[in-house]
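First the structure, in the form of structure tokens, and then the observations on it.
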Amino acid sequence: MTKPALPTKDRLIMSAATLFRTRGYHGVGLADLLADANAPKGSLYHHFPNGKSDLALAAATWASDEMLRLIAASFDGADSFEDGATTLCYKLAKLFDLTGWDTCPIAATLFEGPDNTLFRDHAEHIYEGWIAEVHDHAARLGLSEEAAHAKAEHLFILIQGGWSLARARRSSDILRGLIKRNDT
């Protein structure tokens, strides 16, 4: 039994997330997006009236939702914050290996896209959502509100910097060692 094909809008979003991650916002044209998504020409503006910029926001949101699921899966069942954080770093290292050392899909889409308040605000909203998700798990695992917030922000900073260093060194071991090297 074959899976039904994804709707055109979903194919466009997933293609945009992948292409922006691998080639950057400015390295992807509309023809590239339509060809990769196997979408008809008029479908882009039908689903995304402002074209590429609307699609970029949707792709960043989709990628963020995937990250939120990864955070939740990493901390669900964890006995401590450190266990959940370590699991998250290992899952990110695996993702790093699977994606071929690409950049963060949010950064590639929102920080390399148009330099405007909407894109910057969307990036802030997404990143604050990740920090809030980690914070909630930290609090559930017994950390005080203050400690949960500090640990969540620190982990986010470690991961962002770790991903960049892992790209430069082409080694996911950087991500696997983040928690061992630092006292989150």
Worksheet entry | Nearby aspartates and glutamates by direct alpha-carbon distance to LYS52 (threshold 17 angstrom, same-chain neighbours under 8 apart not counted) | ASP10, ASP32, ASP36, GLU112, ASP115
Practice prompt. Determine the sum of side-chain charges near ARG69: Lys and Arg each +1, Asp and Glu each -1, restricted to other residues whose C-beta is under 11 angstrom from that of ARG69.
Written response: -3
Practice prompt. Work out the FRET efficiency for THR22 and SER144 from their Cβ-Cβ distance, taking R0 = 45 Å, and round it to the nearest 0.05.
Written response: 0.65
Worksheet entry | Cα→Cβ-extended label distance, 7 Å offset, between THR117 and SER164, nm | 2.6
Worksheet entry | Value at 222 nm in deg cm²/dmol, rounded to 500, when DSSP H runs of n ≥ 4 in the chain each add -39,500 (n - 2.57) | -22500 deg cm²/dmol
Worksheet, complete the sentence: The alpha-carbon center of segment 137-163 and that of segment 1-73 are separated, in whole Å, by 30
Fill in: Whole-angstrom Cα spans of the chain along principal axes, big to small
51, 42, 31
Practice prompt. Divide, for segment 103-164, the radius of gyration over alpha carbons by 2.2 N^0.38 Å, where N is the residue count.
Written response: 1.26
Worksheet item: Roughly to the nearest percent, how much of the accessible area of segment 110-184 is carbon and sulfur, given a 1.4 Å probe?
Response: 51
Worksheet, complete the sentence: Long-range alpha-carbon pairs in segment 42-109, meaning those over 16 Å apart, account in percent for 58
Practice prompt. With θ set to phi - 60°, apply the Karplus curve 6.51 cos²θ - 1.76 cosθ + 1.60 along segment 107-124 and write out the HN-Hα couplings as whole Hz, x wherever there is a Gly or Pro.
Written response: 4, 5, 8, 8, 8, 9, x, x, 7, 9, 4, 4, 5, 5, 5, 5, 4, 4
Response to the item:
Highest mean packing first, using Cβ neighbours within 10 angstrom, the peptides 50-61, 20-31 sort as 50-61, 20-31
Discussion item. How tilted is helix 52-75 with respect to the longest principal axis of the chain? Cα atoms for both, answer in degrees (0 to 90, nearest 10).
Written reply: 30
Practice prompt. Output ³J(HN,Hα) for segment 76-92: one whole-Hz value per residue in order, computed from phi by the Karplus curve 6.51 cos²θ - 1.76 cosθ + 1.60 with θ = phi - 60°, and x for Gly and Pro.
Written response: 5, x, 6, 8, 8, 4, 4, 4, x, 5, 5, 4, 4, 4, 5, 5, 5
Worksheet item: Quick one: which of LYS9/LYS180; LYS9/LYS94; LYS41/LYS94; LYS41/LYS91 span more than 30 angstrom between C-alpha atoms?
Response: LYS9/LYS180; LYS41/LYS94; LYS41/LYS91
Item to complete: Could you work out the Kirkwood radius for segment 1-84, taking every pair of different alpha carbons, averaging 1/r and inverting it, reported in Å?
Response: 14.2
Worksheet item: So what is the accessible area of the chain per residue, in Å², with the probe set to 1.4 Å?
Response: 53
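The values are calculated or read from the model by the stated rules, or taken from the named source; none is laboratory data. Everything numeric here is computed off the predicted structure, so don't read it as measured data. Here Cβ is always computed from backbone atoms with ideal geometry, including for glycine, and neighbour counts include all displayed protein chains. When the accessible area is computed, the model is the full protein with side chains, heavy atoms only, and any ligands, DNA or RNA have been set aside. Shrake-Rupley method; radii C 1.70, N 1.55, O 1.52, S 1.80 Å.
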